[in-house]
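Colleague: Below you will find the structure I want to go over with you.
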């Protein structure tokens, strides 16, 4: 369960995952209501939702739009999920083996967090670390042993 402002209304919503799928729940008129419900097997853009092997990590406003996004990782790679109307979408994703600058994505070795303000007061960035054993001399600049 993750809590953040996923719809930009300046109130917190709750991200809930279960064996059924993923949902965002918010408070409306003193009642909890569903903002979005997505069953496993659904495609969120290109991301295949499977709560059995997807990990939903840190949340934060990564793109500066005033709404929190969710970092999702799996054995496939990583994605950023966000509430888009009454649906959950994945505007950004990258498979393991993709190079982002000098960083080679490998979710089997990489760990992510915490989310902190590195750009502006509203935009958040992730710290990423990798065990020293996974670092090579050519990638040492992006490794945090």
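The values are calculated or read from the model by the stated rules, or taken from the named source; none is laboratory data. Computed from a predicted structure; not experimentally measured. Glycine also receives a Cβ, built like all others from the backbone with ideal geometry; neighbour counts cover every protein chain displayed.
Colleague: Taking segment 76-98, which residues are at pLDDT 95 or above, within 20 Å of residue 40 (Cβ to Cβ) and part of a loop (DSSP other than H, G, I, E, B)?
Modeller: Hit for segment 76-98 is 76, nothing else.
Colleague: Which number in (1) in contact with a strand residue (DSSP E or B) (Cβ under 7 Å, 6 or more places away or on another chain); (2) at pLDDT below 85; (3) surrounded by fewer than 19 Cβ atoms within 10 Å (Cβ to Cβ) marks the one condition that residue 135 misses?
Modeller: So residue 135 meets the others, but not (1).
Colleague: Oh, and also: Would you point out which residue out of 65, 9 is in contact (Cβ under 8 Å) with a residue 40 or more places away in the chain, over 14 Å from the mean Cα position of the chain (by Cα), part of a loop (DSSP other than H, G, I, E, B) and surrounded by fewer than 17 Cβ atoms within 10 Å (Cβ to Cβ)?
Modeller: 65
Colleague: So in segment 107-119, with the set limited to residues that are surrounded by 14 or more Cβ atoms within 10 Å (Cβ to Cβ) and farther than 9 Å from residue 78 by Cβ, which one is modelled with the highest pLDDT? Talk me through it step by step, then tell me what you get.
Modeller: Step one: list which residues in segment 107-119 are surrounded by 14 or more Cβ atoms within 10 Å (Cβ to Cβ), which gives 107, 109-110, 112, 115.
Within this subset, residues satisfying the condition of being farther than 9 Å from residue 78 by Cβ are 109, 115.
Working: 109: 90, 115: 64.
Step by step, filter segment 107-119, then rank; the result is 109.
Colleague: Quick one: in segment 26-54, which of the residues that are outside any loop (DSSP other than H, G, I, E, B) and surrounded by fewer than 14 Cβ atoms within 10 Å (Cβ to Cβ) is modelled with the highest pLDDT?
Modeller: It comes out as 39.
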